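Okay, structure first, notes after.
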Amino acid sequence: MVKSKKSTVKFVIDCSQPVDDKVLDVASFEKYLNDKIKISGKTNALAANNVSITRDRTKITVASPAELGFSKRQLKYLSKRYLKKQQLRDYLRVVASSKNSYELRYFSISAGDDDEEADEE
């Protein structure tokens, strides 16, 4: 019998735009995810289930064993909740940029300005 390497699932949250503008602190976001991610209904069970959270300068990566069934949706929920807590939810949104990653982007507000100018004339 040959033991196969256990597969892991990696999810990436790209925070490059808000971090470059010094709006978001990646370290506090990582700490928030460490405290709030639930596995089998329990928080603070990351190490016991081999789930790791790492961060670069602008990206947070969550690696989880595939058999654990960790959902990407939970990361989106927690990201939105963190933005709301930091009062950034009105300016930033969480967008899926690929199958295994999310990106924090600014809302594009420029479309509404054209309509107001037309009404004034």
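Using a 1.4 Å probe on the protein chains only, how many percent of the accessible area of the range 27-118 belongs to carbon and sulfur?
Numbers: 2600 of 5810 Å².
Solvent-exposed carbon and sulfur of the range 27-118 make up 45 percent of the total.
I want to verify a result. In a Gaussian network model of the chain, Cα cutoff 10 Å, which of these has the top mean-square fluctuation: GLU30, GLU67, GLU103?
It is GLU67.
What's the longest bit of the chain with no exposed trypsin sites (Lys or Arg not before Pro), using DSSP loop states and at most 16 other Cβ atoms within 10 Å as the test? Display every interim value, and only then the final one.
Working: sites that count: LYS3, LYS5, LYS6, LYS22, LYS38, ARG57, ARG89, LYS99.
In short, 58-88.
What FRET efficiency would be calculated for the residue pair ASN34, SER110, taking the C-beta separation as r and a Förster radius of 41 Å, to the nearest 0.05?
With R0 = 41 Å, the Cβ-Cβ based efficiency is 0.65.
Give the angle, between 0 and 90 degrees and rounded to the nearest 10, that separates the Cα long axis of helix 110-120 from the longest principal axis of the Cα atoms of the chain.
Approximately 20 degrees, to the nearest 10.
Got a sec? What order do THR58, THR8 fall in by accessible area at 1.4 Å, biggest, i.e. largest, first? Walk me through the numbers before you get to the answer.
Values: THR58 25, THR8 90 Å².
Largest to smallest exposure gives the sequence THR8, THR58.
Can you tell me the orientation of helix 72-85 relative to the chain, as the angle in degrees between its alpha-carbon axis and the longest Cα principal axis, to the nearest 10?
50
Could I have the simple spin-label model distance between ASN100 and LYS80, label points 7 Å from Cα toward Cβ, reported in nm to one decimal?
2.4
Using a/c under 1.5 as the rounded threshold, could you call the chain rounded, prolate or oblate? The axes a ≥ b ≥ c are square roots of the C-alpha gyration tensor eigenvalues, and prolate needs a/b larger than b/c, oblate otherwise. Let's see the in-between values first.
Details: a/c = 2.76, a/b = 2.31, b/c = 1.20.
Prolate, because a/c is 1.5 or more and a/b exceeds b/c.
Too long at a 21 Å Cα-Cα cut-off: which of LYS22/LYS99; LYS10/LYS36; LYS31/LYS59; LYS6/LYS76? If you can, show how the numbers build up before the last one.
Values: LYS22/LYS99 27 Å; LYS10/LYS36 18 Å; LYS31/LYS59 13 Å; LYS6/LYS76 25 Å.
Beyond 21 Å: LYS22/LYS99; LYS6/LYS76.
If you line up the long axis of helix 26-36 against the longest principal axis of the chain, both from Cα atoms, how many degrees apart are they, to the nearest 10?
60
Mind putting a number on the dipole of the range 1-92 about its Cα centre? Charges go on the C-beta only, +1 for Lys and Arg and -1 for Asp and Glu, and I need it in Debye to the nearest 20. It would help to have the intermediate numbers written out before the result.
Numbers: 20 positive and 9 negative charges, 77 e Å.
It works out to roughly 380 debye.
Between THR8 and residues 5 or more places away or on another chain, which pairs have amide H atoms under 5 Å apart, with H built 1.01 Å from N, and which residues are they?
So THR8 has HN proximity to ALA66.
Leaving out ligands and nucleic acids, and using a 1.4 Å probe, what accessible area per residue does the chain come to in Å²?
Values: 8360 Å² over 121 residues.
In whole numbers, the chain has 69 Å² accessible per residue.
The values are calculated or read from the model by the stated rules, or taken from the named source; none is laboratory data. Please read these numbers as outputs of a predicted model, since none were measured by experiment. A quick note on method: Cβ atoms are made from the backbone with ideal geometry, for glycine too, and the neighbour counts reach across all protein chains shown. Areas reflect the complete protein model, heavy atoms only, side chains present, ligands, DNA and RNA absent. Shrake-Rupley method; radii C 1.70, N 1.55, O 1.52, S 1.80 Å.
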